[in-house]
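Written below as structure tokens is the structure these notes are about.
Laboratory data are not the source of any read-out in this text; all were calculated from the coordinates shown. This structure is a prediction, so every number in the text was calculated from the model and none was measured. Neighbour counts are summed over all protein chains in view; Cβ atoms, including those assigned to glycine, are modelled from backbone coordinates with ideal geometry.
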Amino acid sequence: MKSKILAMLRDADGYLSGQELSARLGVSRAAVWKAVEKLRREGYTIQSAPNRGYCLAQATKKLCREEILAHLPENFPWQESLLCMDSVDSTNTRLKALAAQGAPHGTVMVADQQTGGRGRRGRGFASPSGMGVYLSVLLRPSCPPDKLMHLTCAVAEAMCQAVEHASGLRPGIKWTNDLVTGGKKLSGILTELSLEAESGTVDYAVVGIGVNCCQSLSDFPEEIQEIATSLKLATGREIDRNALAAAMISALYTMDDTLLTHQAEMLDAYRRDCVTLGREVVLLRGAERRYGTALSVDEAGALVVEFADGSREAVNSGEVSVRGMYGYA
Ligand code: BTN
């Protein structure tokens, strides 16, 4: 009933009387009032005026399923399996557990807060409440893992589009999968694959993305204040996290739809957004440090680096630091 009232208020151009709401829903006016109070407690600004009724002045700023769906097309194919949580340890961890129980392709989990947000290389990902969008999607592409080498690039490119759609800011991509702006990190992506032992095919992939939205500088832990940024800091505006989450889900859907058919076009777009190309980089592998220049991204998404001795290597793994970013001078 709460959702129905919300939908009616959203559709109404201005005020809707309590009488009309109660008649259309077949409930008492007291029940309507109760539901409106509930919506207000969830953060919706609903004005009421004598003889006029109720008017939805502002949607809630809390991340919630209802608001995310309101920003997606009706009958969006992944809508049934969209899960929105207040607080979880990690959306990737949770989705992997659901995958093991048979959750379908296209299951998406969004959280307002992660108490154990995970980054690459065993690092954490700071995920405080009210600040970011922490989102994972479960994909079950039926193909061998070598056909998915470009998956992380495809996700990064999709997230560039989503962030631009929701905020007007087009981030760059620091190879392979950090979104950056002004030399600082805006977003990180963690891709995890599970293989079927016998067939060697992919059982599932869980792709998790964290975007810093609403942080001021002091909201970041001190040790990352120099290297992290948020959409609020970068644009000077408040960003609607529900609209951003919807843009991310929509971009992921399109990415998934074209993953195996439009690889070349995707990589061309990726190369245009990749801020690593042409820059001096240092490749860190264990204790080894190799300096070179990032030349290109190959058709599998690997970074082609030319080293000081003129040799070239397509780098797939290891940490690449880019000169002029994240404090690397
Ligand atoms: C990185 O920067 O190294 C990757 C960060 C990935 C963070 C996202 S937030 C949603 C999903 N759940 C996690 O625990 N991690 C990813």
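Which GluC sites (Glu not before Pro) in region 14-106 sit in a loop by DSSP (not H, G, I, E or B) and have at most 15 other Cβ atoms within 10 Å of their own Cβ?
Numbers: sites: E20, E37, E42, E66, E67, E74, E80; in loops: E42, E74.
For GluC sites (Glu not before Pro) across region 14-106 that sit outside H, G, I, E and B with at most 15 neighbouring Cβ atoms in 10 Å, the list reads E42, E74.
Per-residue ellipticity at 222 nm from helix content only, as computed over the chain with -39500 (n - 2.57) for each DSSP H run of at least four residues, stands at -9000 deg cm²/dmol.
Listed by chain and number, the lysines placed with their C-alpha closer than 27 angstrom to that of K147 are K96, K174; residues fewer than eight positions away on the same chain are left out. As a calculated quantity, the FRET efficiency between R312 and K147 at R0 = 22 Å, using C-beta atoms, amounts to about 0.35.
Positive-end ranking of A162, P50, A246 along the dipole of the chain, with charges on Cβ about the Cα centre, is headed by P50.
Nearest 0.05, what FRET efficiency do R120 and K38 give at R0 = 30 Å with Cβ-Cβ as r? It would help to have the intermediate numbers written out before the result.
On the way: r = 41 Å, r/R0 = 1.35.
For R120 and K38, the calculated efficiency is 0.15.
The antiparallel fraction among DSSP beta bridges confined to region 71-162 stands at about 50%. Computed over the chain, relative contact order equals 14 percent, with contacts defined as Cα pairs under 8 Å that lie 6+ residues apart. The stretch between R271 and E198, if pulled fully straight at 0.36 nm per residue, gains 22.7 nm over its current Cα-Cα span. Between the alpha-carbon centers of region 200-265 and region 35-50, tell me the distance in whole angstrom. Comparing the Cα centres of region 200-265 and region 35-50, I get a distance of 31 Å. For the residue pair H262 and R65, what label-to-label distance in nm results when each label sits 7 Å from Cα along the Cα-to-beta-carbon direction? Taking the two extended label points, one gets 3.0 nm.
What the phi angles of region 128-135 give under the Karplus curve with 6.51, -1.76 and 1.60, with θ = phi - 60°, is a coupling list of x, 5, x, 10, x, 10, 10, 9 Hz, glycine and proline written as x. Shape of region 69-170 from its Cα gyration tensor (a ≥ b ≥ c, root eigenvalues): rounded if a/c is under 1.5, otherwise prolate when a/b > b/c, or oblate? In terms of gyration-tensor shape, rounded. Converting phi to 3J(HN,Hα) with the Karplus coefficients 6.51, -1.76 and 1.60 and the offset θ = phi - 60°, region 111-124 yields 10, 6, 8, 10, 8, x, x, 10, x, 6, 6, x, 7, x Hz in sequence order, with x at every glycine or proline.
Can you tell me which of P128, P221, P145 moves the most in a GNM of the chain? Springs connect C-alpha atoms under 10 Å apart. Greatest mean-square fluctuation among the candidates belongs to P221.
Summarising the label geometry, the points placed 7 Å from Cα in the beta-carbon direction at S48 and E80 lie 3.7 nm from one another.
Which value, in debye to the nearest 20, describes the size of the charge dipole of the chain about its Cα centre when Lys and Arg Cβ atoms bear +1, Asp and Glu Cβ atoms bear -1, and nothing else is charged?
Values: 36 positive and 39 negative charges, 236 e Å.
Result for the chain is approximately 1140 debye, rounded to the nearest 20.
For trypsin sites (Lys or Arg not before Pro), the sites in region 234-308 that DSSP calls loop and that have at most 11 other Cβ atoms within 10 Å are R237. Cross-link partners for K232 among the aspartates and glutamates, with Cα-Cα distance under 12 Å and sequence neighbours closer than 8 places in the same chain left out: D219, D240.
Rounded to whole numbers, the Karplus 3J(HN,Hα) couplings from phi for region 188-193 are x, 10, 10, 9, 10, 10 Hz, using 6.51 cos²θ - 1.76 cosθ + 1.60 with θ = phi - 60°, and x at Gly and Pro.
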